[in-house]
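Colleague: Sharing a structure with you now.
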Amino acid sequence: EDGGKTWSMPAEVGNDAGGKAIVDQSTGDVLLVNTDKGWLHRSKDHGKTWAKEAMVIQPNAYGHGTPDGIPVNVTCSETGITLQYGEHAGRLLMPARIMPPKGSNDQEWWPYHYNTSLYSDDGGHTWQVSAPVQSGTGEGTLAEMANGDIYYNSRSHMSIDHRRRIAWSYDGGNMY
């Protein structure tokens, strides 16, 4: 509360909390999104107190992303952002990963893994899984450019050079 000069004691979010954090810049809410369980924890007071909420995850066109099917995983990616520019300003957007079959990280399945994103236009109550970024990718991060384009940077598991892969979205993170 003093610009980082001193810090409070750690606050417990919940014994079943987990996932990835995102700050809704439109409301100031802090969300800890747990896609594995289909819920989130929300703080409306900058992390002092937390409340657990159910959330809906809508799968992508492949049917991937639901907790009871092939889940979407946010723990192996960076945190999310609130879009600031263009027609999707206010949208919450998080990098994520799909790991068929049912979350397996065995190397034999790496060619079938792909990065994706989750986006919410209703403050985190409903999340849509986007189209794939590129197969053989994981551990992604994204950023919004001043013109509203989304830059997505991913680790490449399958390329010979083992370098990063870049993708762009021009529709607020739905298609790459």
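Colleague: Taking the Cα atoms of the range 135-174, report the difference between the largest and smallest coordinate on each principal axis, in whole Å and largest first.
Modeller: Reported extents, whole Å, longest axis first: 33, 16, 13.
Colleague: Compute the semi-axes of the equivalent ellipsoid of the range 26-98, taking the square root of 5 times each eigenvalue of the Cα gyration tensor, and list them largest first in whole Å.
Modeller: 22, 17, 10
Colleague: Still on this structure: For an R0 of 25 angstrom, estimate the FRET efficiency from the Cβ-Cβ distance between TYR112 and ILE166 and round to the nearest 0.05.
Modeller: 0.75
Colleague: Let me ask something additional. Through the Karplus equation 6.51 cos²θ - 1.76 cosθ + 1.60, θ set to phi - 60°, convert the phi angles of the range 30-37 into ³J(HN,Hα) values in whole Hz; use x for Gly and Pro.
Modeller: Once rounded to whole Hz, the list reads 9, 10, 10, 8, 10, 6, 5, 9.
Colleague: I want to make sure I understand the PRE zone here: with the label point 7 angstrom from the Cα of GLU1 toward its beta carbon, which residues in the range 27-53 have backbone N atoms less than 11 Å away?
Modeller: Of the residues in the range 27-53, 48 have backbone N under 11 Å from the label point off GLU1.
Colleague: Across the chain, where is the longest run that never hits trypsin sites (Lys or Arg not before Pro) in a DSSP loop with at most 11 other C-beta atoms within 10 Å?
Modeller: Between the exposed loop sites, the longest stretch runs 103-162.
Colleague: Oh, and also: Once label points are set 7 Å from the Cα along Cα→Cβ at both GLU87 and ALA143, what is their separation, rounded to one decimal in nm?
Modeller: 2.5 nm
Colleague: Return P(r) of the range 102-169 (all Cα-Cα pairs; 5 Å bins starting at 0; whole %; ordered from short to long distances).
Modeller: 4, 16, 22, 22, 18, 10, 5, 2, 0
Colleague: For the range 55-176, max minus min Cα coordinate along each principal axis, in Å, sorted largest first?
Modeller: 40, 34, 22
Colleague: Right, here's the next one. Expressed as a fraction of 2.2 N^0.38 Å, the rule-of-thumb size for a compact globular protein of N residues, what is the C-alpha radius of gyration of the range 1-66?
Modeller: 1.31
Colleague: Hey, could you get me the Stokes-Einstein D for the range 60-120, Kirkwood radius over alpha-carbon pairs, 10 °C and 1.306 mPa s, rounded to whole µm² s⁻¹?
Modeller: D, rounded to a whole number, is 127 µm²/s.
Colleague: Taking every pair of distinct Cα atoms and averaging 1/r, then inverting, what Kirkwood hydrodynamic radius in Å comes out for the range 1-127?
Modeller: Evaluated over the range 1-127, this radius sits at 15.5 Å.
We did not get these values from a lab; they are worked out from the coordinates using the rules stated. Quick caveat, the model's predicted, so the values are computed rather than measured. Backbone-built Cβ (ideal geometry, glycine too); neighbour counts: all protein chains shown.
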